[in-house]
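Report on the following structure.
The values are calculated or read from the model by the stated rules, or taken from the named source; none is laboratory data. Please read these numbers as outputs of a predicted model, since none were measured by experiment. Here the Cβ positions follow ideal geometry from the backbone for every residue, glycine too, while neighbour counts run over all protein chains shown. To get the accessible areas, we keep the full protein, side chains included, count just its heavy atoms, and leave off ligands, DNA and RNA. Shrake-Rupley method; radii C 1.70, N 1.55, O 1.52, S 1.80 Å.
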Amino acid sequence: MDYTYDTEMVCAQQISFHIEGNVITNIKFYGGCNGNLKAISKLVDGWTVEEIEAKLKGNTCGRRPTSCADQLCLAVRAAYEEQ
């Protein structure tokens, strides 16, 4: 299933990816720190929802209570639960 998530409180406005079971692939961030977000997308491609959450959940950016990586965790969990 292809999934698109609208982020909150971060520079990236949206995240899209493919989810099959609990495996996430083809992650794309729209907006945000282009190089860093491309790197994150490549590093976690093929990981499970649980693996992504274990490594990235709770990561913050500056004074914000969240980050693009943390928003990815929220997105993959929402997609997993929506399947």
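Which condition number does A54 fail, the rest of (1) open to solvent by 40 Å² or more (accessible area, probe 1.4 Å); (2) touching a Lys or Arg at 6+ places or on another chain (Cβ under 8 Å) being met?
Of everything listed in (1) open to solvent by 40 Å² or more (accessible area, probe 1.4 Å); (2) touching a Lys or Arg at 6+ places or on another chain (Cβ under 8 Å), A54 misses just condition (2).
I'd like the residue in segment 34-59 that is touching a helix residue (DSSP H, G or I) at 6+ places or on another chain (Cβ under 7 Å) and not in a helix (DSSP H, G or I) and, out of all such residues, is nearest to Y5 (Cα to Cα).
Within segment 34-59, the subset touching a helix residue (DSSP H, G or I) at 6+ places or on another chain (Cβ under 7 Å) is 37, 40, 44, 49, 52-53, 56-59.
Now restrict to residues that are not in a helix (DSSP H, G or I): 57-59.
Working: K57: 16, G58: 17, N59: 18 Å.
This residue is K57.
Within segment 1-25, can you find the residues that are in a strand (DSSP E or B), over 17 Å from E81 (Cβ atoms) and among the β-branched types (V, I, T)?
T25, the sole residue that qualifies.
Looking at segment 29-46, which of the residues that are in contact with a strand residue (DSSP E or B) (Cβ under 6 Å, 6 or more places away or on another chain) and of a type in the set (A, V, I, L, M, F, W, C) is surrounded by the fewest Cβ atoms within 10 Å (Cβ to Cβ)?
Once the filter is applied, the top-ranked residue is L37.
Could you please let me know if A54 is within 11 Å of the chain's Cα centre (by Cα) and modelled with pLDDT of 95 or more? Spell out how you get there, then give the answer.
Numbers: within 11 Å of the chain's Cα centre (by Cα): no; modelled with pLDDT of 95 or more: yes.
No, not satisfied.
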